[in-house]
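**Q** Okay, here's the structure, questions in a sec.
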Amino acid sequence: MRKRLTLIALVLFICAVLKTNGQRQNQQIEAITKPLDEYIESKIKESGIVGLGAAIIINKELVWVKGYGYADKESRQAFSPNTVMNIGSISKTVTGVALMKAVEDKVLSLDDDINKYLPFKIVNPNFPNDKITLRHLAVHTSGIADTYPAYDSVYHYGGDTKVQLGDFLKSYLIPGGKFYQPDNFLKQKPGSFREYSNIGAALAGFIIEQATGKKLNVYTKENIFKPLKMKSTGWFFSEINLKNHSKLYEKRDNVIKKIELYSEITYPDGGVRTSVSDLASFFIALLREGEYKGKRILKKSSIEEMLKFQYTETNKPDNVDLNEKNSGIFWSTKFNTTKIGHGGSDPGVKTEMLSDLSKNVAVILFTNTTLPDSEFGKYFGSIYKELDKTGMRIKKELAK
């Protein structure tokens, strides 16, 4: 009996210590982030940004998350960590996880010819005998280019598009298609030249669908969103509670204008709709080698392959300086390869999801307002840098 009482007392003591430490940590974080609050609020007011959400992840744990401004300026609905919006090209990282899951399940190989999986044959007319692989698509060296105005046609305003992804890709990549032209392919061999390609990412998503027999939205819900309890995440309007969806805005001629919500035919390249809170769970799972809160979405080896630098001194695109740029599997580097993750830009959308290479300081940033290029660094860029600096201060303080 005495041993049992001693054990109970010990457990209560440990719980009290943990509670006290947790309270102390929260107080430390609150004190460190108070100047950040003031900074962000001042930049929002100065720039005209309508709504903004952000998160700081330290040592692979979410330590701070907050919303500012409005998800809907007209109704004054607040932008919160649970506000949903499309996140642009950060979506490619979700496609990347789906790709690695299909590789794990042995229905795809990164280095096979993509035509092994397609119902139509894709050939670069400049190099008809050279294969294009999924790895080429994932690191933007496939030789498939985004040409305009064809790519502009993928945006559908007013709801979910009815055009099928495969139909558009066929019209763009196959001779005789509505959007086909030789300039849709580079005059450099696959693997030899880096050019960012949304169409290439969309093609990778379509190949995942062909290999798994499931639409990408279904496959990612089963293997990513549901296990991680990302209940506010989906690809289409039909999958989202629209009451929680942010309106989108654009600053033009110093006036903030509302943009009609839209979908994309090439949704695997930029169509995910999610919240800062949900995306934080996804990001942490990847930083934790594929597992979060007892749920594993990828094997450790798959995460290592996805996040490792794919370009090397002996195997890199001719136009890449390794001190300035590298690539994971649908993961990007920024700030001269000191950060890894991805950003996103679309009408009314600017997002960022980046970690340092140690994976101990990470930041997520959403805004629902497109700023002029001349103001991007002054506002969005400076807010991201302040979040990152604050994250480093929190990490340093928690290490004491």
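**Q** Only sites in a loop by DSSP and with at most 14 other Cβ atoms within 10 Å count here; which trypsin sites (Lys or Arg not before Pro) in segment 25-78 make the cut? Let's see the in-between values first.
**A** Numbers: sites: K43, K45, K60, K66, K73, R76; in loops: K60, K73, R76.
Hits after loop and neighbour filter: R76.
**Q** Nearest 500 deg cm²/dmol is fine: what mean residue ellipticity at 222 nm does the chain get from its DSSP H runs of n ≥ 4 alone, each adding -39,500 (n - 2.57), divided by its residue count?
**A** -11000 deg cm²/dmol
**Q** At a Förster radius of 35 Å, what calculated FRET efficiency corresponds to the Cβ-Cβ distance of L322 and L242, to the nearest 0.05? List each step's numbers first, then the result.
**A** Numbers: r = 44 Å, r/R0 = 1.26.
According to the calculation, E is roughly 0.20.
**Q** Calculate, in nm to one decimal, what E38 and E375 gain on full extension: separation in residues at 0.36 nm each, minus their alpha carbon distance. Each step should come with its number before you reach the end.
**A** Values: separation 337, 0.36 × 337 = 121.32 nm, distance 1.95 nm.
Value of the extension gain: 119.4 nm.
**Q** Oh, and also: Take the alpha-carbon centre of segment 251-282, take the same for segment 159-220, and report the distance between them in whole Å.
**A** The two parts, judged by their Cα centres, are 21 Å apart.
**Q** Which loop GluC sites (Glu not before Pro) in segment 319-398, with loop taken from DSSP, have no more than 12 other Cβ atoms within 10 angstrom of their Cβ?
**A** On the way: sites: E324, E352, E375, E386, E397; in loops: E324.
When the GluC sites (Glu not before Pro) of segment 319-398 are filtered for loop state and at most 12 Cβ neighbours within 10 Å, E324 remain.
**Q** For each pair in K101/K121; K121/K189; K231/K359; K221/K385; K300/K395, compute the distance between the two Cα atoms and list the pairs where it is over 21 Å. Don't jump to the answer; show the numbers that get you there.
**A** On the way: K101/K121 24 Å; K121/K189 17 Å; K231/K359 25 Å; K221/K385 32 Å; K300/K395 25 Å.
Beyond 21 Å: K101/K121; K231/K359; K221/K385; K300/K395.
**Q** Express the accessible area of segment 237-341 per residue in Å², computed with a 1.4 Å probe while the remaining protein chains stay in the model.
**A** Numbers: 4660 Å² over 105 residues.
Spelled out: the 1.4 Å probe surface of segment 237-341, per residue, equals 44 Å².
**Q** Still on this model: State, in angstrom, two size descriptors of segment 188-233 derived from its alpha carbons: Rg to one decimal place and Dmax to the nearest whole number.
**A** 14.3, 43
**Q** Could you work out how far helix 276-287 tilts from the main Cα principal axis of the chain, as a 0 to 90 degree angle to the nearest 10?
**A** 80 degrees
**Q** Note the full-extension length gain between K308 and V107 as 0.36 nm times their separation in residues minus their Cα-Cα distance, in nm to one decimal. Working shown, then result.
**A** On the way: separation 201, 0.36 × 201 = 72.36 nm, distance 2.19 nm.
Taking K308 through V107 to full extension adds about 70.2 nm, to one decimal.
**Q** At R0 = 30 Å, how high is the FRET efficiency between S382 and Q28 if r is their beta carbon distance? Nearest 0.05 is fine.
**A** E between S382 and Q28, to the nearest 0.05, is 0.80.
**Q** Find, among the trypsin sites (Lys or Arg not before Pro) in segment 144-182, those assigned to loop by DSSP (not H, G, I, E, B) with at most 16 other beta-carbon atoms within 10 angstrom. Could the numbers behind the result be given before it?
**A** On the way: sites: K162, K170, K178; in loops: K162, K178.
For trypsin sites (Lys or Arg not before Pro) across segment 144-182 that sit outside H, G, I, E and B with at most 16 neighbouring Cβ atoms in 10 Å, the list reads K162, K178.
**Q** What is the sum of charges around E352, taking Lys and Arg as +1, Asp and Glu as -1, for the other residues whose C-beta is under 15 Å from the C-beta of E352? Please list the in-between numbers first.
**A** Numbers: positive: K43, K92, K334, K339, K350, K385, K389; negative: D346, D356, E386, D388.
Neighbourhood net charge equals +3.
**Q** Between 0 and 90 degrees, rounded to the nearest ten: what's the tilt of helix 2-47 against the longest Cα principal axis of the chain?
**A** Long axis of 2-47 versus the principal axis of the chain: about 60 degrees.
**Q** I'd like to know how segment 101-153 sits against the 2.2 N^0.38 Å rule of thumb: what's its Cα Rg over that expected value?
**A** Details: Rg = 12.7 Å, N = 53, 2.2 N^0.38 = 9.9 Å.
After normalising by residue count via 2.2 N^0.38 Å, the value is 1.28.
**Q** Give me the net charge for the shell around S192: Cβ to Cβ below 14 angstrom, other residues only, Lys and Arg +1, Asp and Glu -1.
**A** +3
**Q** Another question about this same structure. With a sphere of radius 11 Å drawn around the Cβ of N241, what net charge do the other residues whose Cβ falls strictly inside it have (Lys, Arg +1; Asp, Glu -1)?
**A** On the way: positive: K231, K243, R273; negative: E239.
Cβ neighbours under 11 Å give a net charge of +2.
**Q** Another question about this same structure. With an 8 Å cut-off on Cα pairs and a minimum separation of 6 or more residues, tell me the relative contact order of segment 156-279 in percent.
**A** Values: 128 pairs, mean separation 45.5, N = 124.
Computed value for segment 156-279: 37 percent relative contact order.
**Q** For segment 223-323, what relative contact order do you get, as a whole percent, if you take Cα pairs closer than 8 Å and at least 6 residues apart?
**A** Relative contact order here is 25 percent.
**Q** Relative contact order for the chain: what percent, with Cα pairs under 8 Å and sequence separation of 6 or more?
**A** Values: 746 pairs, mean separation 99.4, N = 400.
The normalised contact order for the chain reaches 25 percent.
**Q** Still on this structure: Please work out the ratio of the alpha-carbon Rg of the chain to 2.2 N^0.38 Å and round it to two decimals. Numbers along the way, then the final one.
**A** Details: Rg = 22.3 Å, N = 400, 2.2 N^0.38 = 21.4 Å.
Taking N as the residue count of the chain, the ratio is 1.04.
**Q** Moving to a separate point now. Does anyone have the angle between helix 382-398 and the longest principal axis of the chain? Alpha-carbon axes, 0 to 90°, nearest 10?
**A** With both axes taken from Cα atoms, the answer is about 40 degrees.
**Q** For L307, L52, give the ranking by accessible area with the largest first, probe 1.4 Å. Please report the intermediate quantities before stating the final value.
**A** Values: L307 20, L52 0 Å².
Ranked list, largest accessible area first: L307, L52.
**Q** For segment 175-280, just say rounded, prolate or oblate: build the C-alpha gyration tensor, square-root its eigenvalues into a ≥ b ≥ c, call rounded for a/c under 1.5, and beyond that prolate if a/b exceeds b/c, oblate if not. Walk me through the intermediate numbers first.
**A** Working: a/c = 2.15, a/b = 1.24, b/c = 1.74.
In terms of gyration-tensor shape, oblate.
**Q** Compute the label zone of Q181 within segment 105-141: residues whose backbone N is under 20 Å from the point 7 Å along Cα-to-Cβ.
**A** Those under the cut-off are 123-127.
**Q** Still on this model: Using 0.36 nm times the number of residues separating Y157 and D253, minus their current alpha carbon distance, what extension gain do you get? Display every interim value, and only then the final one.
**A** Working: separation 96, 0.36 × 96 = 34.56 nm, distance 2.26 nm.
Roughly 32.3 nm would be gained on extension.
The values are calculated or read from the model by the stated rules, or taken from the named source; none is laboratory data. Keep in mind it's a predicted model, so treat the numbers as computed, not measured. For neighbour counting, all protein chains shown are included, and Cβ atoms are generated from backbone atoms with ideal geometry for every residue, glycine included. Areas reflect the complete protein model, heavy atoms only, side chains present, ligands, DNA and RNA absent. Shrake-Rupley method; radii C 1.70, N 1.55, O 1.52, S 1.80 Å.
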